[in-house]
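Below is one structure, written out as structure tokens; the observations come after it.
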Amino acid sequence: MEKIIDENKQGERLVIEAKDGNTKKLFIESYGCQMNFSDSEIVASILSQEGFNTTNTLEEADLVLVNTCSIRDKAEQTVRKRLEKYNAVKKDKNPKMKIGVLGCMAERLKSKFLEEEKMVDLVVGPDAYKDLPNLIEEVEDGRNAINVILSKEETYGDIAPVRLNSNGVTAFVSITRGCDNMCTFCVVPFTRGRERSREPQSIIEEINDLAKRGFKEVTLLGQNVDSYLWYGGGLKKDFDKASEIQKATAVNFAMLLDMCAKAQPKMRFRFSTSNPQDMTLDVIETMAKHRNICKYIHLPVQSGSNRILKEMNRLHTREEYFELIDNIKRIIPEVAISQDMIAGFPTETEEDHQDTLSLMEYVKYDFGFMFAYSERPGTLAGRKMKDDVPEEVKKRRLNEIQALQRKHSHYNTLKQVGQTQEVLIEKSSKKSDAHWSGRNTQNTVVVFPKEHYKVGDFVNVKITDCTSATLIGEAVGYSENN
Ligand code: SF4
């Protein structure tokens, strides 16, 4: 693979991988969660073996693929607008262009995309990317093509991703696929199937390869990383049927984290996403044990009300969540925690909303991802629960949650002023070309003057000021980890 150093519109350094001799052009766009961005790198790799190199120029593409998200209606509207754009370019500038949809919306809508929407030639679900070469052949023969079969085994563990729009410093490595949790508002179990974990050695090999190529930080990815469990392949839910030897040699998430941290002691490790009902103390203790496992946990809760948590089929109470938070802060005092929150879930009362605000007051999250409830077709809530909270009430409650989060974010950044922190430089600051931007172990953005440092350096930064989301400082030398 040849490496091309380019720059995007924001002046960020991009490493684009291209295979010599490939003549076809693939334009691929990703929406939604980090899993989708990681999957698009798998797709680019599969197609690089079929003569495709990626391009950032839509007009010149032979094949346009959009990796889609279905988590909220707005995400699907965004994709529809992009499909209109592609079809306009196809009509005006490049009639030979083929257009395809990947990801959760492809899995949710399936053949409807071909029959009703008529905006695409190709529909491929998250577990069927290895079938792309055959499907593209069908399209090139003038037929529409579709494969939305969900798999019990597929983890793409044998595919070396082609890094897309990469800064050459941080990378995603997926470790599990699917989710068994069936939260009533969520489409993921329907669009990504049952949980299955990737073989640990293939994960370590991918991490070692990234380290060799100069990457400095890896985020281990899964819809629900805490329920990672390798016991020789197959679905997590079939673990009980495993043999005694398989059970005795099984690798859980804490063990995998330990293996990764030891395999590359100079590389930083993060992970996402966790579910409170599956997170265990040994994961937290493993984080505390290794300097190179970042002290940050994304721990979605969605609501602070026990009644609503039950309606959401979140298998924990607010009290159990507090106990987990207390354990995390006891074992890792400097930890940062972020949340996902839904405002206005069906039947949510003012009292339930106040429970959410009081939970946030107890935890004082560093930051969060907060949304108004969006009914998703096919989910249990979508089928059985009336979306009965008026839009203006949802909006008002969401505003209150976001305002409280901003207050707590600032409370947490203010606490860090005066500290000296290790920062990994990722790119130029959005606001000033004379400043670097990177993140500390808590995943907070830190901005400081560039001086003689460069992208990929671990630098100690004295924090002198802050906003609610960003720390501002001065570099005081390379960190021992550099
Ligand atoms: S844990 Fe719940 S919210 Fe998260 S992906 Fe699984 S079903 Fe969806």
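Here are a few things to note about the model shown:
- Some residue of segment 80-93 being in contact with a Leu (Cβ under 9 Å, 6 or more places away or on another chain), closer than 25 Å to L220 by Cβ and not in a loop (DSSP other than H, G, I, E, B): no
- Matching residues in segment 358-392 - criterion: being out of contact with any His (no Cβ under 9 Å at 6 or more places or on another chain) and farther than 27 Å from F190 by Cβ: S358, L359, Y362, P390, E392
- Scope segment 134-159; condition more than 24 Å from Q34 (Cα to Cα) and open to solvent by less than 30 Å² (accessible area, probe 1.4 Å); matching residues: L135, I136, V139, A145
- Among residues of segment 448-462 that are polar (S, T, N, Q), those with a beta-carbon under 8 Å from a residue that is assigned to a strand (DSSP E or B) at least six positions away or on a different chain give the pairs N460/T420; N460/Q421; N460/E422; N460/V423; N460/A475; N460/V476; N460/G477; N460/Y478.
- Scope segment 226-262; condition closer than 22 Å to L281 by Cβ and within 16 Å of the ligand (Cβ to nearest atom); matching residues: D226, S227, Y228, L229, K236, F253
- From the list E311, E319, the lone residue that is over 22 Å from the mean Cα position of the chain (by Cα), open to solvent by 40 Å² or more (accessible area, probe 1.4 Å) and within 16 Å of the ligand (Cβ to nearest atom) is E311.
- With a requirement of 3 or more residues that are open to solvent by less than 70 Å² (accessible area, probe 1.4 Å) and among the β-branched types (V, I, T), the helices (runs of 4 or more DSSP H) lying completely within segment 332-449 that satisfy it span 391-416.
- Verdict on S272 being small (G, A, S), within 16 Å of the ligand (Cβ to nearest atom) and open to solvent by 10 Å² or more (accessible area, probe 1.4 Å): yes
- Some residue of segment 119-127 being open to solvent by less than 60 Å² (accessible area, probe 1.4 Å), within 22 Å of L58 (Cβ to Cβ) and touching an Asp or Glu at 6+ places or on another chain (Cβ under 8 Å): yes
- Extreme residue, nearest to R196 (Cα to Cα), among residues of segment 259-277 that are free of Cβ contacts under 8 Å to residues at least 40 places away in the same chain and more than 21 Å from the chain's Cα centre (by Cα): K262
- Some residue of segment 195-212 being in contact with an Asp or Glu (Cβ under 6 Å, 6 or more places away or on another chain), open to solvent by less than 30 Å² (accessible area, probe 1.4 Å) and within 16 Å of the ligand (Cβ to nearest atom): yes
- Listing of strands (runs of 3 or more DSSP E) fully contained in segment 111-199 that carry 3 or more residues being in contact with a Pro (Cβ under 9 Å, 6 or more places away or on another chain) and not aromatic (F, W, Y): 170-174
- Residue match in segment 241-259 (condition: buried (at least 22 other Cβ atoms within 10 Å of the Cβ), under 20 Å from M182 (Cβ atoms) and not aromatic (F, W, Y)): no
- Scope segment 275-308; condition open to solvent by 10 Å² or more (accessible area, probe 1.4 Å), more than 16 Å from the ligand (Cβ to nearest atom) and within 27 Å of T379 (Cβ to Cβ); matching residues: N306, R307
- Scanning segment 160-179 for residues that are open to solvent by 20 Å² or more (accessible area, probe 1.4 Å) and modelled with pLDDT under 95, we see that the one that is nearest to the ligand (Cβ to nearest atom) is L164.
- Qualifying position, being assigned by TED's automatic domain parsing to the domain that holds K236, within 17 Å of the chain's Cα centre (by Cα) and of a type in the set (D, E), among E195, E199, E206: E195
- Remark: I325 falls outside the filter, which requires a residue to be out of contact with any helix residue (DSSP H, G or I) (no Cβ under 8 Å at 6 or more places or on another chain) and crowded, with 19+ Cβ neighbours inside 10 Å.
- Filter pass, Q223 being within 16 Å of the ligand (Cβ to nearest atom), in contact with a Leu (Cβ under 9 Å, 6 or more places away or on another chain), closer than 27 Å to M360 by Cβ and touching a residue at least 60 places away in the same chain (Cβ under 8 Å): no
The values are calculated or read from the model by the stated rules, or taken from the named source; none is laboratory data. In this text, all values refer to a predicted model and were calculated from it rather than measured experimentally. Ideal geometry is used to build each Cβ from the backbone, glycine not excepted, and the neighbour counts take in all protein chains shown. For the accessible areas, the whole protein counts, side chains as well, though only heavy atoms, and no ligand, DNA or RNA atoms are used. Shrake-Rupley method; radii C 1.70, N 1.55, O 1.52, S 1.80 Å.
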